[in-house]
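Shown next, in structure tokens, is the structure this report addresses.
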Amino acid sequence: MSSSPSAAARTTPRSALRGAPGGPSARASRLFLPLIAVCTAVTAANIYLAAPLLPLIAHDFGSTPSAVTWLASVAQLGYAAGLLFFAPLGDSVNRRRLVAVLALVAAAALVAGAASAGTGTLAATVLVASAATVVPQLLVPLVAERAPADRRARHVAAVVAGLFAGVVAARVLGGLAGQAFGWRSVFVGAAVLTAVLGLATAYILPVERRRRPGPLFAGLAALPGVVRHSPDLWRACVRQAGMYGAWSALWTSLALLLAADDGYGMTTAAAGLFGLFGLAASVVAPLAGGLVDRFGAAKVVRSAYLVAAVSVPLFWLGGQVMAALCAAAVLVHAALVASHVANQTLALTTTSAPATANTAYVVSGFAGGALASALAGPAYGHWGWSGVCAVAGAWLVLGWTATAVRRKR
């Protein structure tokens, strides 16, 4: 983002300083974005690794699936803690070392989880692994920093596509692999992939100096001030909280509709395959990046909200009509990822502390999603699928109107 010589020195890969055209530096440059995207997919998958394996874990521990569902919440809690404590460090420490250390910690925790003999031990390992799985949020600011200004959103979109691909892989491929080889093998496989790709990514990252003096966790303390002094960042945080909340309410409750006797009565495996609609996000991400670079973030977010607003009544109709449900699933993923690419690009370029700003942005979106999900469950219990759709619609209205009021001040 800065064009000063010192900034350039900080963001130049070590191999580029000594390589020749066509040599190691050229290969590192070509591998930089694809490898980060793949590493993002693998590490993001760790957050959702336990969710499709819960029935197998329950059977192994002599329990019931409903008695171990809290393990998925532990993963989310761990990720939130990692975002708050580790993601801001991207502004103050060498990311090469931090990425390597976090990848190894996550891999070790996953191996320990595979060897656990009870849910308590497994929960502790899932918590640690998820907290260390903030590598994508350390890499996105770096990608935005290195990208040419006219292609910055497209580069960010490549990483976002990797993130959503990892989420889909965890839900679909993780469940299939668990059924074939057991949940412990899935954990070990994830550990190996996390370690290998994490270390490979760390190797090609730029050599960096510590860019800001002060306490190690100064970024965490600076979060409120960074948001308060940047209206654009505040707007991105609130709008993505509304968008992610709407998506989360619908997507986390969808399994209830698909598997319920008074719904579609699908098996767990069939309901899980419905997650393949999430691939729409990976397809839309690069398109959204190009649109942001061409038309600006504000227009893309506005369009994304309109698409999401259309998807909510389609989801409601999908309670009875499968075709409407499928169409709504595609639209809501397209809206979510387009909004995410636009808002995250804005968050990364609106302050002088991109890692801290990115942390504020991601935590805000996560908080909006978690709260909407918490409300969607009781809403489904009281009013059925219509209640879930109402929560999603309300979140979209809140996310947009809150920022519209702020903008007029």
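Values as computed for the structure displayed
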| quantity | calculated |
| --- | --- |
| Those residues of segment 147-162 which are in contact (Cβ under 8 Å) with a residue 40 or more places away in the chain and in contact with a Leu (Cβ under 9 Å, 6 or more places away or on another chain), in sequence order | ARG152, ALA153, HIS155, VAL156, ALA157, ALA158, VAL159 |
| Condition met for ALA288 (among the small types (Gly, Ala, Ser) and at pLDDT 95 or above) | no |
| Residue list for segment 54-73, restricted to those being in a helix (DSSP H, G or I) and at pLDDT 80 or above | LEU56, ILE57, ALA58, HIS59, ASP60 |
| Given (1) surrounded by fewer than 20 Cβ atoms within 10 Å (Cβ to Cβ); (2) over 22 Å from the mean Cα position of the chain (by Cα); (3) touching a residue at least 24 places away in the same chain (Cβ under 8 Å), number of the condition LEU371 does not satisfy | (2) |
| Yes/no for LEU336 being surrounded by fewer than 24 Cβ atoms within 10 Å (Cβ to Cβ) and either within 17 Å of the chain's Cα centre (by Cα) or modelled with pLDDT of 90 or more (or both) | no |
| Candidates ALA157, ALA100 - the one that is in contact with a Ser or Thr (Cβ under 9 Å, 6 or more places away or on another chain), in the same structural domain as LEU53 (by TED's automatic domain parsing) and surrounded by 23 or more Cβ atoms within 10 Å (Cβ to Cβ) | ALA157 |
| Failed item, numbered, when ARG235 is tested on (1) at pLDDT below 80; (2) under 25 Å from THR401 (Cα atoms) | (1) |
| Filter result for TYR264 (hydroxyl-bearing (Ser, Thr, Tyr) and either outside any helix (DSSP H, G or I) or in contact with an Asp or Glu (Cβ under 8 Å, 6 or more places away or on another chain) (or both)) | yes |
| Among (1) modelled with pLDDT of 80 or more; (2) touching a helix residue (DSSP H, G or I) at 6+ places or on another chain (Cβ under 7 Å); (3) closer than 22 Å to ALA106 by Cα, the one test that TYR203 misses | (2) |
| Which listed residue is surrounded by fewer than 23 Cβ atoms within 10 Å (Cβ to Cβ) and not polar (S, T, N, Q), from TYR380, TYR361 | TYR380 |
| Residue match in segment 306-319 (condition: of a type in the set (Phe, Trp, Tyr) and crowded, with 22+ Cβ neighbours inside 10 Å) | yes |
| Residue match in segment 116-129 (condition: out of contact with any Phe, Trp or Tyr (no Cβ under 7 Å at 6 or more places or on another chain), among the polar types (S, T, N, Q) and touching a residue at least 40 places away in the same chain (Cβ under 8 Å)) | no |
| Any pair with Cβ under 6 angstrom, 6 or more apart, that starts in segment 309-325 at a residue that is more than 12 Å from LEU396 (Cβ to Cβ) and without any contact (Cβ under 8 Å) to a residue 40 or more places away in the chain and ends at one that is among the polar types (S, T, N, Q) and surrounded by 15 or more Cβ atoms within 10 Å (Cβ to Cβ) | none |
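Conditions tested, residue by residue: (1) modelled with pLDDT under 80; (2) surrounded by fewer than 24 Cβ atoms within 10 Å (Cβ to Cβ).
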position	(1), (2)
PRO141	yes, no
ALA144	yes, yes
ASP150	yes, yes
PHE164	yes, no
VAL167	yes, yes
GLY175	yes, yes
ARG184	no, yes
PHE187	no, no
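The values are calculated or read from the model by the stated rules, or taken from the named source; none is laboratory data. These numbers come from a predicted model, not from an experiment. Ideal geometry is used to build each Cβ from the backbone, glycine not excepted, and the neighbour counts take in all protein chains shown.
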